Amino acid sequence: MRAALLIQRWYRQYAARLEIRRRCTWSIFQSIEYAGEQDQIKLYNFFGYLMDHFTPASSERKMISHLFCESEVFHDTEWERYFCYKDIEVPDTYSGPHLTFPLCTHNVTELLEAIKHKQLLHSRYVLQLLGETWKLLRVLPNINVVSTCQSKEITICGDLHGHLEDLLLVFYKNGLPSTETPYVFNGDFVDRGKDSMEILLILFSFQLLYPSGVHLNRGNHEDHIVNLRYGFTKEVLGKYKVHGKRILKLLQKIFSQLPLATVIDRKVLVLHGGISDTTDLRLIARLERHRYVSALRPPKRQPREEPCMPGGGLSEGKRGCSGNGERRRVRSLARGTLPLCLPRANSTRTVEEELQERRRWAGLGASCDRVRYLSSNRDPDQDREVTETDMDEWKQLVDVLWSDPMPQDGCVPNKVRGGGCYWGPDVTRDVLQRHKLQLLIRSHECKQDGYEFCHDRRVLTIFSASNYYEVDSNRGAYVQLGPDLNPHLIQYQASRSSRDLTLRQSVGRTERSALQALREQLFAHKSELINAFQEFDPEHTGMISMRHWAVATETVLHLGLPWRMLRSQLLVSQGGAQEGMLNYRDWFRELTFTDPNNRLAHTGLLETMYRHHSNLETIFRIIDMDHSGLISFEEFRQTWRLLSAHLQTEISDEAISGLASSIDFNKDGSIDINEFMEAFRLVSRVRSQEGGRVNRGTPP
C-alpha cells in the first residue's frame with residue numbers, strides 16, 4: 001500500500017508537470033499569434049490614416065489606394081462581365097474535373113476526388129463556380145434560420161484555416177453534406193494552411209448542390225486585408241498565376257456576401273467571434289453586409305459617381321476608385337477616432353514629413369465636427385459623413401467577427417487582438433435572454449481539446465483545425481445538435497505521426513517548437529531588451545537579477561507570459577544564473593541567429609528586418625498591384641518609407657538602397673517575392689549546423 005501511494009504521488013506530480021508545460025507552450029503560441037493580429041490591424045489603420053489625410057496626388061496614397069477601392073458601388077452586370085469565364089479556354093491536356101451548371105452530385109463527388117488527389121481545378125471552372133456562389137449568397141439573409149425538423153441533427157464545424165485533411169476527416173466520420181446531413185461551417189475557412197482554396201471550392205460546391213443543407217458564416221479571416229498577411233493571397237496567386245487576380249477580386253465580393261450568423265431552432269445562435277453588451281440581432285439582420293468587404297474599416301458613404309471596374313476596368317478620367325479625395329471622420333478597429341482639420345497636403349514632401357505635418361494639425365484641429373479638405377475644385381456633395389447608424393452597424397459586425405469571451409463580468413475592448421471586445425457571463429445572460437436563446441456556439445479561438453465551454457455552459461467554442469500551431473499541438477472537434485439541442489462533441493487528430501508518440505514526447509516536441517518561436521521574438525527585439533535590461537544595470541556590469549529580467553522582457557514584448565517559469569528553457573547555459581543573477585550579454589549570444597545570406601548581415605538593418613518581416617511582406621504585396629511578384633527598387637524604397645513612417649523610425653535612403661541591391665540576388669534590377677522573403681529567412685546556430693531551417697516568425 002505504501003509503495004502504491006508513492007507511485008500514485010509520483011505519477012500525479014509527473015502529470016501535473018506535463019500539464020504545466022503544455023499550458024505554457026499554449027500560452028506562447030497564442031500570445032505570438034495575437035501579437036501578429038495586433039500588428040496587422042495597426043498597419044491597416046496606418047494605411048487608412050494615409051488614405052484619409054493625404055492628397056490623391058501623393059505617391060504614398062496612390063500606392064495603397066487600390067486597397068480601399070472595394071467600398072465603391074459596382075453594377076452587378078459590370079461585375080459579371082469582368083468575371084466572365086467564357087473567354088478562358090480549357091486545354092485538351094487538362095485532366096481534372098469538368099464542371100457543368102447547375103451542379104449535380106456527380107460533379108461534386110468528382111471535384112472532391114480530384115482535390116483529394118491534389119489535382120487543381122481549372123481557372124475557368126473556378127470562376128464559374130465562384131460566380132454561381134456569389135449569385136446564391138446575394139439572396140441569403142444576414143442571419144440564416146435553420147431547423148432540426150427535417151434532419152436528425154445538424155453538424156457545426158469551427159475554424160478550418162486551410163487544413164484540408166481536417167475537413168476530409170470530418171466528412172469521413174460524419175458523412176458528406178446533404179439535405180439529410182446538414183452542416184454549419186462557422187468561418188475562417190482560409191489563411192495559415194496550404195489548402196484554403198480547395199476548402200472553399202468544396203464548401204461552395206456543396207452549398208450550390210444543397211442550399212438548404214450547407215450554411216456558411218463569415219469569419220474574421222474572410223477579409224482580403226487579413227489574407228495579405230496570413231497566406232491566402234499568396235496561395236491563390238501561386239496556384240492560379242494567370243487568372244489569380246480575377247479570382248481574388250471575386251472572392252472579395254463573395255466574402256462580403258457571406259451571412260454573419262445562423263440560428264438553429266430559434267434557440268441556438270452560431271457566429272464566428274462573439275457578442276458585446278450592445279449586440280442587437282435585429283440590427284445585424286438589417287445591415288447591408290456587402291458594404292463591408294473588409295471589416296477592419298467602416299464603409300464610406302458612397303459618393304455620386306459612375307460605377308467603376310476593379311483592376312483597370314475604368315474609362316480614362318475615372319481611374320482610382322478611392323481617389324476622390326473624400327475626407328471624413330474615421331474610427332479605427334480599436335474604436336478610437338481621428339477627427340482632424342487638415343490643410344492641403346504637399347505632394348513633394350516625403351511620407352515622414354507629411355505625417356509630421358498631419359500630426360501637428362491633429363493636435364490643433366481636435367474640435368472639428370468633420371474633416372474639411374481645402375480644395376477649390378472639390379464637389380461638396382462628395383463629402384458625405386459616416387453617420388452614427390453606420391458606426392453602430394460596423395461595431396456590430398466587428399464584435400461578431402473579432403470578440404472573445406472572458407470569465408469576468410463586463411465588456412471591455414479586446415486589446416490583445418486589437419479588435420472587437422472581451423465579454424463576460426453577464427453579457428451572455430443578457431443577450432441570450434433578450435433574444436430568447438439558450439446557447440451561443442462560436443469559434444475564433446484555438447482550443448487544445450478542440451472545444452471549450454464557458455459562461456455556465458452557455459457559450460461553446462468549437463475549433464476544427466487540428467495541429468494548428470504545430471503537429472500534435474491541439475485536437476480538432478465538431479459538434480452535433482439534435483432536436484433536444486444538447487451538444488454532442490466529436491474530437492479527432494488529423495496527423496497520423498502523432499499517434500505513435502507518448503504524451504511526454506508529444507508535449508516535448510510542441511514545446512521545442514514554441515520555444516524556438518519565442519527565441520526568435522526575443523532576438524527580433526534585441527535592442528529594446530538591452531535598453532530595458534540596462535535600466536536595471538546602471539553600473540553596466542552586464543548582470544541583472546532574474547526578477548528584473550522577467551519584468552524587462554514582459555515590458556518590451558507584452559506577451560503576458562510566465563517568464564520566470566520559462567527561464568530554465570530560455571536560459572540554457574546560464575543554469576538559472578549564479579545566485580539569481582543573469583549575464584544578459586552572454587544570453588544574447590546564445591540567442592543570436594545567423595542569416596544564410598551573409599551579404600545582408602552587414603547592413604545594420606537585420607534586427608529591424610526580422611522583427612517586421614510580416615509587415616514588410618504585407619506592404620510588398622500591396623505595392624505589387626499587378627500581382628506580378630516583382631517590385632522595382634523605387635517601389636522597394638517606398639515600402640521602407642511606409643514602414644519607417646508607420647514605426648516612426650528613421651531609416652536612411654542610403655541604407656535602403658544598399659539593402660535593395662543586396663536583396664536583388666540575380667541582379668536584374670527588380671526584387672521578386674522569393675528574393676524578398678529569402679532575405680528574412682533566419683536560422684539558429686544550432687539548427688544551421690544540423691541543416692535544419694527555421695521559418696517561424698509567426699505561428700503557421
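The values are calculated or read from the model by the stated rules, or taken from the named source; none is laboratory data. Bear in mind the structure is a predicted one, so any value in this text is a computation, not a measurement. No Cβ is skipped: glycine too gets one built from the backbone with ideal geometry, and neighbour counts run over all protein chains shown. For the accessible areas, the whole protein counts, side chains as well, though only heavy atoms, and no ligand, DNA or RNA atoms are used. Shrake-Rupley method; radii C 1.70, N 1.55, O 1.52, S 1.80 Å.
Worth a mention:
- Given (1) more than 22 Å from GLU19 (Cα to Cα); (2) assigned to a loop (DSSP other than H, G, I, E, B), number of the condition SER495 does not satisfy: (1)
- Among the residues of segment 234-280, just one is among the β-branched types (Val, Ile, Thr), in contact with an Asp or Glu (Cβ under 9 Å, 6 or more places away or on another chain) and under 22 Å from PHE204 (Cα atoms), namely ILE254.
- Considering (1) of a type in the set (S, T, N, Q); (2) at pLDDT 70 or above; (3) crowded, with 19+ Cβ neighbours inside 10 Å, the lone condition that THR608 does not fulfil carries the number (2).
- Of residues in segment 399-427 being farther than 21 Å from GLY36 by Cβ and small (Gly, Ala, Ser), the one nearest to the chain's Cα centre (by Cα): GLY424
- Taken over segment 507-554, the criterion of being under 27 Å from ALA15 (Cβ atoms) and polar (S, T, N, Q) is satisfied by THR510, SER513, GLN516.
- Any hit, segment 142-158, residues being assigned to a helix (DSSP H, G or I) and touching a residue at least 24 places away in the same chain (Cβ under 8 Å): no
- All of GLN396, GLN448, GLN433 fail the test of being assigned to a loop (DSSP other than H, G, I, E, B) and either within 26 Å of the chain's Cα centre (by Cα) or not aliphatic (A, V, I, L, M) (or both), apart from GLN448.
- For TYR478, the stated conditions hold: it is of a type in the set (Phe, Trp, Tyr) and closer than 13 Å to ASN186 by Cα.
- Flag for LEU103 being part of a helix (DSSP H, G or I), farther than 20 Å from HIS488 by Cβ, in contact (Cβ under 8 Å) with a residue 24 or more places away in the chain and of a type in the set (A, V, I, L, M): no
- Of LEU271, LEU287, LEU314, LEU283, all but one fail to be buried (at least 24 other Cβ atoms within 10 Å of the Cβ) and either farther than 24 Å from TYR183 by Cβ or at pLDDT 95 or above (or both); the exception is LEU271.
- Of all residues in segment 277-300, those that are farther than 22 Å from GLU37 by Cβ have Cβ atoms under 6 Å from Cβ atoms of residues that are modelled with pLDDT of 90 or more and among the β-branched types (Val, Ile, Thr), 6 or more apart or on another chain, in ASP277/VAL427; ALA285/ILE143.
- In the set ARG475, ARG547, only one residue is out of contact with any Phe, Trp or Tyr (no Cβ under 8 Å at 6 or more places or on another chain) and open to solvent by 50 Å² or more (accessible area, probe 1.4 Å); that residue is ARG547.
- Of all residues in segment 456-476, those that are in contact (Cβ under 8 Å) with a residue 12 or more places away in the chain have Cβ atoms under 6 Å from Cβ atoms of residues that are of a type in the set (A, V, I, L, M) and open to solvent by 10 Å² or more (accessible area, probe 1.4 Å), 6 or more apart or on another chain, in SER466/ALA494.
- Leading residue by the ranking (nearest to the chain's Cα centre (by Cα)) among those in segment 235-262 that are under 17 Å from LEU401 (Cβ atoms) and open to solvent by 10 Å² or more (accessible area, probe 1.4 Å): GLN252
- Segment 417-448: number of residues that are closer than 22 Å to VAL226 by Cβ and either of a type in the set (D, E, K, R) or surrounded by fewer than 18 Cβ atoms within 10 Å (Cβ to Cβ) (or both): 4
- Test: residue in segment 150-160 that is surrounded by fewer than 23 Cβ atoms within 10 Å (Cβ to Cβ), under 30 Å from VAL90 (Cβ atoms) and under 27 Å from the mean Cα position of the chain (by Cα): no
- Scanning segment 399-416 for residues that are outside any strand (DSSP E or B) and either surrounded by fewer than 24 Cβ atoms within 10 Å (Cβ to Cβ) or of a type in the set (Gly, Ala, Ser) (or both) returns SER403, MET406, PRO407, GLN408, ASP409, GLY410, LYS415, VAL416.
- Qualifying residue in segment 219-226 (condition: buried (at least 21 other Cβ atoms within 10 Å of the Cβ) and without any contact (Cβ under 8 Å) to a residue 40 or more places away in the chain): yes
- Matching residues in segment 411-454 - criterion: being among the basic types (Lys, Arg) and without any contact (Cβ under 8 Å) to a residue 40 or more places away in the chain: ARG429, ARG434, LYS447
- Extreme residue, surrounded by the fewest Cβ atoms within 10 Å (Cβ to Cβ), among residues of segment 161-203 that are under 17 Å from the mean Cα position of the chain (by Cα) and of a type in the set (Lys, Arg): LYS194
- Evaluation of ARG124 against the conditions (1) surrounded by fewer than 19 Cβ atoms within 10 Å (Cβ to Cβ); (2) touching a Phe, Trp or Tyr at 6+ places or on another chain (Cβ under 8 Å); (3) more than 17 Å from LYS239 (Cβ to Cβ); (4) not β-branched (Val, Ile, Thr) shows that the sole unmet condition is (3).
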